[in-house]
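Any read-out appearing in this document is the output of simple, stated calculations on the displayed coordinates, not a laboratory observation. Fair warning: this is a prediction, and the values are worked out from it, not measured in the lab. Neighbour counts are summed over all protein chains in view; Cβ atoms, including those assigned to glycine, are modelled from backbone coordinates with ideal geometry.
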Amino acid sequence: MPASAALAVALAAGLDATLAEPPARVHPVALLGRLLGRLDRPGSHPRLVGALLAALVPLGFAAVAGAVVAAGGALSSWVGAVLAGLLLFSTTSLRMLLDAARDVTRAADSDLERARTELRALAGRDASQLDAAHVRSAAVESVAENLADGLVAPLLGFAVCAPVSLPLAAAAAAWVKAVNTLDSMFGYRSNPLGWGPARLDDAVMWLPARLSAALLAAAVAEFSLPFSARVRTLARRPPSPNSGWPMATMAAVLPARLVKPGVYDLDPASDGAGTPLPTTTDATRAVRVTNRAGLLAFALAGVVAWF
């Protein structure tokens, strides 16, 4: 069992590095998203409907994932490990996140309109009026925040449950990813269905967000008490109870000011002088730091799954 779980993590990491994402036509999370799109009809009791979706959809997605891995494991432990690795690959994302951030960063200097358009793959905000520096800021914020949602959270679920059973580990990763997907589709104040998915995502992401912040700090070997205190201060500024942690850590690591106009301003300067918005060099470094943190996440998940 430990070897099978570690193999699954290694397979997921290798596939992510080489392929980035499964083909959309067979991507389980993409299929889930298309199904959820058909359910976006709140009816007369939207909060209740949203709560039921939050309770039942992740469980159903997890049950299917666990059953597939269990069926493969009944044939051979190695078949089960490969299926678990494929499932974990489909619920995690690092390379695609980094590639999208690189594309936005490059385009911000040469083709601002294209950068604003490509930013939609990273950040759910209106970019039509953003200048190049604010586009880079949004890319840096998103690459840090999505490290938690897109990689650390499903890896954590998998690694924690792997010592119990491989099907349970696969089910845990699928459950976390379904929670994140529900929140990304419905978890907005403007969506009547959003309350349940958003509250569940807040609870599920509490630990992964803070673990992602620790991984980003570890990626640059920054563990000083003043650094940690500054991150804690900045992390409270965004309205989300979780997303501020990886974003604040990235702002302090670069250092660079990260701003979502009208929502938050993460300025790591403690002397009141003010820190500039990210330059192209800053944004490029943010991608490198996130890559190192993501590789650390894969490595830690493999070690936990092994033992």
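If we count other beta carbons within 10 Å of each Cβ, what is the order of 250, 205, 185, fewest first?
Final ranking by Cβ density, sparse to dense: 185, 205, 250.
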Query raised in the report: Taking every pair of alpha-carbon atoms in segment 2-306, what share in percent sits in each 10 Å bin, from 0 to the bin with the longest distance?
Result: 7, 27, 34, 24, 8, 1, 0
Report task. Multiply the residue gap between residue 27 and residue 189 by 0.36 nm, knock off their C-alpha separation, and tell me the result in nm, one decimal place. Result -> 55.5 nm
Requested in this report: At 7 Å along the Cα-to-beta-carbon direction for both residue 229 and residue 17, put a label point, then send me their distance in nm to one decimal.
Outcome: 4.0 nm
Requested in this report: Using only the alpha-carbon atoms of segment 1-90, report the extent along each of the three principal axes, biggest first, to the nearest angstrom.
Outcome: 50, 27, 18
**Report entry** Calculated log₁₀ intensity ratio I(q)/I(0) where the Debye formula runs over C-alpha points of segment 97-217, q = 0.17 Å⁻¹
**Finding:** -0.91
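Just need the relative contact order of the chain here, percent rounded to a whole number, with Cα pairs under 8 Å and 6+ apart. Show your work: numbers first, answer last.
Details: 535 pairs, mean separation 75.1, N = 307.
Taking the mean separation of contacting Cα pairs over the length of the chain, I get 24 percent.
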Query raised in the report: Computed over the Cα atoms, what is the radius of gyration of segment 165-236 divided by 2.2 N^0.38 Å, N being its residue count?
Result: 1.42
Report task. Collect residues whose amide H, placed 1.01 Å from N in the peptide plane, falls under 5 Å from the amide H of residue 194; neighbours closer than 5 in sequence don't count. Result -> 188
Report task. Give the Cα extents of segment 55-156 along the principal axes, in whole Å, largest first. Result -> 55, 30, 20
Query - Rough spin-label spacing in nm, given labels placed 7 Å along Cα→Cβ, for residue 199 and residue 112 - result: 4.3 nm
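Rounded to the nearest 500, what is the chain's calculated 222 nm mean residue ellipticity when only DSSP H runs of at least 4 contribute -39500 (n - 2.57) each, over all residues?
Values: 14 runs with 215 residues, N = 307.
Rounded to the nearest 500, it is -23000 deg cm²/dmol.
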Query raised in the report: Tell me, what HN-Hα J-couplings in whole Hz come from the Karplus equation 6.51 cos²θ - 1.76 cosθ + 1.60 at θ = phi - 60° for each residue of segment 196-212, using x for Gly and Pro?
Result: x, x, 5, 5, 5, 5, 4, 5, 5, 8, 4, 6, x, 5, 6, 5, 4
